[in-house]
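The values are calculated or read from the model by the stated rules, or taken from the named source; none is laboratory data. Values in this document were obtained by computation on a predicted structure and should not be read as measured data. Here Cβ is always computed from backbone atoms with ideal geometry, including for glycine, and neighbour counts include all displayed protein chains.
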Amino acid sequence: MTRSIRFDEETYRRMEVMYAAPDVAAQRRAVLDALKLLPGEKVLDIGCGPGFMVQELLPIVGPAGKVSAIDVNEGAIALARARCEAHSNVEFQSANATALPYLDSSFDAAVSAQVYEYVRDLSGALRELYRVLRPGGRTVIMDTDWRTAVWRSSDCERMDRILKAWDEHLMDPILPRTLAAQLRDAGFVIRVQDVFVFLNSEYNSNTYSYGLAKMIGAFVPGRQGITKDEVVAWADELQSLADSGDYFFSLNRYLFIAEKPPQ
Ligand SMILES: C[S@@+](CC[C@H](N)C(=O)[O-])C[C@H]1O[C@@H](n2cnc3c(N)ncnc32)[C@H](O)[C@@H]1O
């Protein structure tokens, strides 16, 4: 079994539903607010996925600015391109975060949400991020510490095993704990460390954890000894907790604002 999730058509279909949820939109707003973009700026989205963030960056930089976006997955680039087709000041490339196809000092700002936790060579990716930012440029990075997941269940052992299996969908499930140190090693100055908290007391398509449960349910069977029947029982319990008004889910995502020092 592979150590990470396959970002295939089905995964992106689930992601698009999940990313439209109001709490995920609020997370994007937190990242955008931290980025403090100005009209006319050049900004890079690293690991743009289906392009929701790119779509929100475009009206801020306006026609005098430009949004560039990369993702290692061609399918993501196709979705993001389609989402932003009405705009001319945007360009997409299929590329790895560890080999950004841009000249040194090309960008005023860069954003990367929920991407570095998937990257095997993180120090290489952070070196690239540093290289393409201009001196004085800033980056906003958001990643999840998956050990902060708090999810009500009557079967804590099963929940723990399912979350442990879900850890296998990415390279570093606890990246936020070391990210500031790794950014400093790459030459950045850390300006802000903050937290964005998901808190769902409802379980429906308007909540992040509803979409997350679908993704987990598709990924975990066969890992950590988890069977399909166990996943069905787990998902049924989430639904019955929701039906009785007893649903509870919380998860922390950490936000970092870092600056490339002015020369
Ligand atoms: C969870 S999605 C996040 C998408 C987007 N940043 C957002 O927040 O809406 C992770 C994305 O990172 C991309 N990705 C993973 N590893 C990457 C790498 N090494 N270089 C570039 N993109 C990568 C995946 O293809 C996927 O589209």
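How about the stretch 74-108: which of its residues are closer than 19 Å to residue 122 by Cα and crowded, with 20+ Cβ neighbours inside 10 Å?
Hits for the stretch 74-108 are 97, 100.
Just wondering, is there one or more residues in the stretch 232-240 that are among the β-branched types (Val, Ile, Thr), farther than 30 Å from residue 187 by Cα and surrounded by 20 or more Cβ atoms within 10 Å (Cβ to Cβ)?
Within the stretch 232-240 (the criterion being among the β-branched types (Val, Ile, Thr), farther than 30 Å from residue 187 by Cα and surrounded by 20 or more Cβ atoms within 10 Å (Cβ to Cβ)), the answer is no, since none of the residues qualifies.
Within the stretch 214-229, track down each residue that is of a type outside the set (A, V, I, L, M, F, W, C), assigned to a loop (DSSP other than H, G, I, E, B) and in contact (Cβ under 8 Å) with a residue 60 or more places away in the chain.
222, 223, 224, 225 - these are the residues of the stretch 214-229 that are of a type outside the set (A, V, I, L, M, F, W, C), assigned to a loop (DSSP other than H, G, I, E, B) and in contact (Cβ under 8 Å) with a residue 60 or more places away in the chain.
Can you report the number of residues in the stretch 173-213 which are assigned to a helix (DSSP H, G or I) and either more than 20 Å from the chain's Cα centre (by Cα) or surrounded by 15 or more Cβ atoms within 10 Å (Cβ to Cβ) (or both)?
13
For the stretch 56-100, enumerate the residues that are acidic (Asp, Glu) and within 9 Å of the ligand (Cβ to nearest atom).
71
Please name all residue pairs, on different chains or six or more residues apart, with Cβ atoms under 7 Å, provided the first residue is in the stretch 46-73 and is touching a residue at least 60 places away in the same chain (Cβ under 8 Å) and of a type in the set (Phe, Trp, Tyr) and the second residue is part of a loop (DSSP other than H, G, I, E, B) and within 8 Å of the ligand (Cβ to nearest atom).
Listed pairs, sorted by first residue: none to list.
So, of the residues in the stretch 18-55 that are more than 10 Å from the ligand (Cβ to nearest atom) and acidic (Asp, Glu), which turns out to be farthest from residue 101 (Cα to Cα)?
So the residue we want is 23.
Quick check on residue 45: is it assigned to a helix (DSSP H, G or I) and within 26 Å of residue 133 (Cβ to Cβ)?
no
Any residue in the stretch 144-156 that is in a loop (DSSP other than H, G, I, E, B) sitting within a Cβ distance under 9 Å of a residue that is surrounded by 15 or more Cβ atoms within 10 Å (Cβ to Cβ) and at pLDDT below 95? List the pairs, counting only those 6 or more apart or interchain.
none
For residues that are in a loop (DSSP other than H, G, I, E, B) and surrounded by fewer than 24 Cβ atoms within 10 Å (Cβ to Cβ), tally how many sit in the stretch 51-67.
Going through the stretch 51-67 one residue at a time, the tally reaches 4.
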